[in-house]
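This report concerns only the one structure given below.
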Amino acid sequence: MDEKFDCIIVGAGIAGLAAAMILARNNMKFLLIEKGDFAGSKNVSGGVLWGSDLARLVPEYWKEEDGGWERYINHRRLTFMDRESTFSIDFKSSHFNAPPYSGVVVLRSRFDRWLADKVQEAIDDSDFAMESFIATSIKVDEVLMEDDKATGIRTGEEEFHADSVIIAEGVNNLLTRQAGLQDDYVPADHMLTGIKEVIRLDQKVLEDRFQLNGLSGMSNEFIGYATDGVEGGGFLYTNRDTVSLGLVAGIRDMREKEKSPHDLLNQFKNHPVIQDTIRGGEVVEYSAHVVSSGDKQVMPKALYKDGLLLCGEAANLLMNAGKAIQGMDFAMRSGILGAETIIHAKKKGDFSSQTLQEYRRKLDETYVMKDINQFQDAVHMLHSPEMFRDIPNLVCDFGRKFFTIDSKPTRKSRRLFAESVKKHSSYWDLIKLGFKGGKSL
Ligand SMILES: Cc1cc2nc3c(=O)[nH]c(=O)nc-3n(C[C@H](O)[C@H](O)[C@H](O)COP(=O)(O)OP(=O)(O)OC[C@H]3O[C@@H](n4cnc5c(N)ncnc54)[C@H](O)[C@@H]3O)c2cc1C
């Protein structure tokens, strides 16, 4: 194939598919390359896709008979966990029942494939129905550069050329480094391993157990014993007839504490409360993937250079400040903005960094960079041992005493609380944490 594309996108994950959809709708000639057998085959996510951008890509997606999503979220739960107890903050509201939903649970192998089909439909409707492609089972080995400008990609012996390249390769950003946008070495302190099981339950049992109605769903994040003193946390999301149960754990912390992700997950699964939740279930899928901590320090030096843009988690666009992991919606928005920038560059006939810097400016104006900038302190706080070890132990210890009624004189709650503080932390540490929390949230 000698012809030149307007754009080559590397990676058919969320960022790459979002970019491809916008390019197809705007009559651009592009090649989307994915190394997996199909879009989504290599992807792992907990995962709730938050925000409203899906409705921009696939208007009224909720009306699709076989949409790629599982359930919409109207029930949120944050759980503190120690060895035997859980203490939860629980919020459910009918406010979240109407589309466009604020979050939908997805299973990536199904969702990405469905979204890729939608992109193919948009290609078929475009002026380049026969000249734009989604190519799977192809690994890009190199971004071709001439005078520090991206001119295409190489896969094996073959080269494909384009006016622009969007790298949307995800967190293992080898091409990003090869293109000189990130240092060769990313410290393990900034990376976590995500590990997840999909557990099948009879659909009626699942709906009754989690009080689901129609396609409503629940997301539950766990902090504390879920990772047994290792930086990170657990999650449980309801799908149509399965639950996604898993955790993310800091790579450095696991190494230092000599824990493996597999053992941590087994321990989490064997917690008495989790046992009750997944009773009777059958594991039908098991997967693991690296995920960024969302620390801004590891963001690549630049997100663009001549002929080149970086989208999604390849650019470390992710945030987890305690409320939710946001990687997919950040990837989607950055893919959309990346594609819009390429369309603008094509109109101008200029793909230099002078034009492509617009991408960074637009990204800075969106909630993606605003939130990343605004909540860095919260990200750091969440990753501190006080948060993933001491506070959950303290809260559960207090809960256990507070809810115990044992035919003995009831003690004042403040005394019970003081005891728990003494056992697991100190008032001074709590004041410091409260001050940090107040500042960062
Ligand atoms: C356990 C876990 C739970 C998570 N939970 C959530 C959640 O609940 N909500 C949320 O928003 N986010 C969550 N995330 C994060 C989220 O999954 C990522 O941030 C998001 O998938 C990033 O999207 P992306 O398109 O940038 O990259 P990816 O989705 O990783 O896609 C990259 C694609 O590029 C392809 N690729 C890579 N290199 C090449 C190459 N050289 N040639 C060709 N193709 C290539 C890959 O095969 C892949 O398909 C979770 C992550 C994990 C691991």
Please tell me if D163 is over 23 Å from the mean Cα position of the chain (by Cα), at pLDDT below 95 and not hydrophobic (A, V, I, L, M, F, W, C).
-> no
Members of region 375-407 found to be among the aliphatic types (A, V, I, L, M), under 20 Å from H271 (Cβ atoms) and surrounded by fewer than 19 Cβ atoms within 10 Å (Cβ to Cβ), listed by number = none
Could you run through region 293-327 and say how many residues are within 7 Å of the ligand (Cβ to nearest atom) and farther than 25 Å from I153 by Cα?
-> 5
Taking the residues in region 65-95 that are in contact (Cβ under 8 Å) with a residue 24 or more places away in the chain and over 24 Å from the mean Cα position of the chain (by Cα) as candidates, determine which candidate is surrounded by the most Cβ atoms within 10 Å (Cβ to Cβ).
-> T86
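Per-residue answers, yes or no, for (1) within 30 Å of N393 (Cα to Cα); (2) surrounded by fewer than 21 Cβ atoms within 10 Å (Cβ to Cβ); (3) away from the ligand (no atom under 16 Å from the Cβ); (4) assigned by TED's automatic domain parsing to the domain that holds R333:
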site	(1), (2), (3), (4)
I14	no, no, no, yes
I22	no, no, no, yes
G36	no, yes, no, yes
G40	no, no, no, yes
V48	yes, no, no, yes
Of the conditions (1) in contact with a Ser or Thr (Cβ under 8 Å, 6 or more places away or on another chain); (2) within 16 Å of the ligand (Cβ to nearest atom); (3) assigned by TED's automatic domain parsing to the domain that holds L32, F235 clears all except one; give me its number.
-> (3)
In region 3-12, residue surrounded by the fewest Cβ atoms within 10 Å (Cβ to Cβ) [restricted to those that are farther than 13 Å from G338 by Cα and within 16 Å of the ligand (Cβ to nearest atom)] | F5
Odd one out for V290, checked against (1) surrounded by fewer than 24 Cβ atoms within 10 Å (Cβ to Cβ); (2) within 15 Å of the ligand (Cβ to nearest atom); (3) assigned to a helix (DSSP H, G or I) = (3)
Check region 320-329 and report whether any residue there is in contact (Cβ under 8 Å) with a residue 12 or more places away in the chain and assigned to a helix (DSSP H, G or I).
-> yes
Of those in region 139-155 that are within 13 Å of the ligand (Cβ to nearest atom) and without any contact (Cβ under 8 Å) to a residue 40 or more places away in the chain, the residue nearest to A39 (Cα to Cα) is D141
Please indicate, with yes or no, whether at least one residue in region 339-360 is within 16 Å of the ligand (Cβ to nearest atom), under 18 Å from A18 (Cα atoms) and surrounded by fewer than 21 Cβ atoms within 10 Å (Cβ to Cβ).
-> no
Return yes or no: is E258 within 15 Å of the ligand (Cβ to nearest atom) and either among the hydroxyl-bearing types (S, T, Y) or not in a helix (DSSP H, G or I) (or both)?
-> no
Answer yes or no: is there a residue in region 293-305 that is part of a loop (DSSP other than H, G, I, E, B), modelled with pLDDT of 95 or more and of a type outside the set (F, W, Y).
-> yes
By residue number, the members of region 178-209 that are within 24 Å of the chain's Cα centre (by Cα) and charged (D, E, K, R) are D183, D184, D189, K196, E197, R200
Taking region 127-138 and keeping only residues that are of a type outside the set (A, V, I, L, M), within 13 Å of the ligand (Cβ to nearest atom) and within 24 Å of R25 (Cβ to Cβ), one is left with T136
Can you tell me which residue in region 153-200 is surrounded by the most Cβ atoms within 10 Å (Cβ to Cβ), limited to those that are closer than 25 Å to G338 by Cα and among the polar types (S, T, N, Q)?
-> S164
A careful count of residues in region 110-159 that are part of a loop (DSSP other than H, G, I, E, B) and of a type in the set (K, R) gives 1
I274: free of Cβ contacts under 8 Å to residues at least 60 places away in the same chain, touching a helix residue (DSSP H, G or I) at 6+ places or on another chain (Cβ under 9 Å) and more than 10 Å from the ligand (Cβ to nearest atom), yes or no?
-> yes
In the set V248, V284, V205, which member is in a strand (DSSP E or B) and farther than 21 Å from I391 by Cα?
-> V284
So which of A162, A226 ends up being touching a residue at least 24 places away in the same chain (Cβ under 8 Å), more than 12 Å from the ligand (Cβ to nearest atom) and in a loop (DSSP other than H, G, I, E, B)?
-> A226
Quick one: which helices (runs of 4 or more DSSP H) lie wholly within region 333-441 and hold at least 2 residues that are under 30 Å from G13 (Cβ atoms)?
-> 353-365, 367-374, 376-382
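The values are calculated or read from the model by the stated rules, or taken from the named source; none is laboratory data. The structure displayed is predicted, hence computed values, not measured ones. Here the Cβ is made from the backbone with ideal geometry for all residues, glycine too, and neighbour counts use every protein chain on show.
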